[in-house]
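Just so it is clear, none of the values below were taken in a lab; they were calculated from the coordinates. In this text, all values refer to a predicted model and were calculated from it rather than measured experimentally. Here the Cβ is made from the backbone with ideal geometry for all residues, glycine too, and neighbour counts use every protein chain on show.
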Amino acid sequence: MAKPRRKKPEIKQESQEMSRSQIVLSYDGPSLRNGSIDLNVIVPALAAMSQLLHAANKNINQGKAELKITVSGFRAGSFPVDLEIVQGWFSPLLTLFVGVGITDIDRVLQIIGFVKDSKTSLFDFLEWLKGGKVTKVTTQKDGSVQVESGDKAIVISQTIYNLYQDTEIRRSVSEIIEPITKAGIDRFDVKKNNQTLRSVNKDDVNSYLFRQSGSEEIEIEERRTRLLISTVSFDPTLKWRFKEKENRFYAAIEDEEFLKKVSSREQPFYAGDFLDVQLRVETLWTHKDKREKHVITKVFEYIESPRQIEMPV
């Protein structure tokens, strides 16, 4: 008689607390002096705050950590709301070095702009942009990003730029600020330990609101980078496929000298090879999403992957 097959033990994913923080959100204005507010105003704003924190934590920590957010402390005098944010990480029970490489919740709040920090935050960048268009983005050698808007420029971290490009984050920020566009609500504050860390008033609103329905903007980013070749096209009208870190995409090649080498068979290709290139990324923003177009304007070098040496028998 055949023995019953034993089930493989399941490795469960458990969330373990790593860090926690508390902040106070406050809307203030003449219509809130009695401590009441229209639920149609505050509920979407609180939901947007939750979405912002979850999305920023996911973006920064690449899904390695989760948040649990609780709300309490409704009080009269304006409209403050206490948020307690607990961050944990998911890991198999047998995994070693749990939490390595995870950005804790206070640092996530600093990056957003809800905790004071000497570095430029997402909210700082939005205030600098003042609702204007990003016209050019250039990645620096140290990994930072220079952003140009008209005749002004600023250097920010790649992390801040990644948050700025996340449409869910941008919409959430907009919905958090939306209540102060209403009559009788003048200001939005973020506080910690009775200290105001971020304040937005009616004069600042346009810096934070997401673009309106039907509008489109194009951002252009240029950077020198190394791309793994996934698919080669010998037809100059078709695109090649590449991988950059975890990002896969098709790109057109405009370097005529390189294309001549390909068509004349001067340049062979093998699995695992790279191209050192100047890459232009054109991002079309709409009110719903974004679409990217990748163009290689210059190929600096073809880089062969290490070949396995055959040993004599």
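In table form, for the structure just shown:
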{"read-out": "14 Å Cα-Cα reach of Lys116 towards aspartates and glutamates, excluding residues that sit fewer than 8 places from it in its own chain", "value": "Asp106, Asp124, Asp189"}
{"read-out": "All lysines inside 17 Å of Lys293 as judged from Cα atoms, apart from same-chain residues fewer than 8 positions distant", "value": "Lys136, Lys239, Lys243"}
{"read-out": "Charge-dipole axis of the stretch 218-303 as Lys and Arg at +1 and Asp and Glu at -1 on Cβ define it, positive-most pick from Phe300, Thr225, Ala271", "value": "Ala271"}
{"read-out": "As computed over the stretch 218-303, the Cα convex hull volume per residue (Å³)", "value": "96 Å³"}
{"read-out": "Mean Cα-pair separation over length for the stretch 149-278, i.e. relative contact order, pairs under 8 Å, 6 or more apart, %", "value": "17 percent"}
{"read-out": "Gained length - Lys141 relative to Asp273, 0.36 nm times residue gap less alpha-carbon distance", "value": "45.3 nm"}
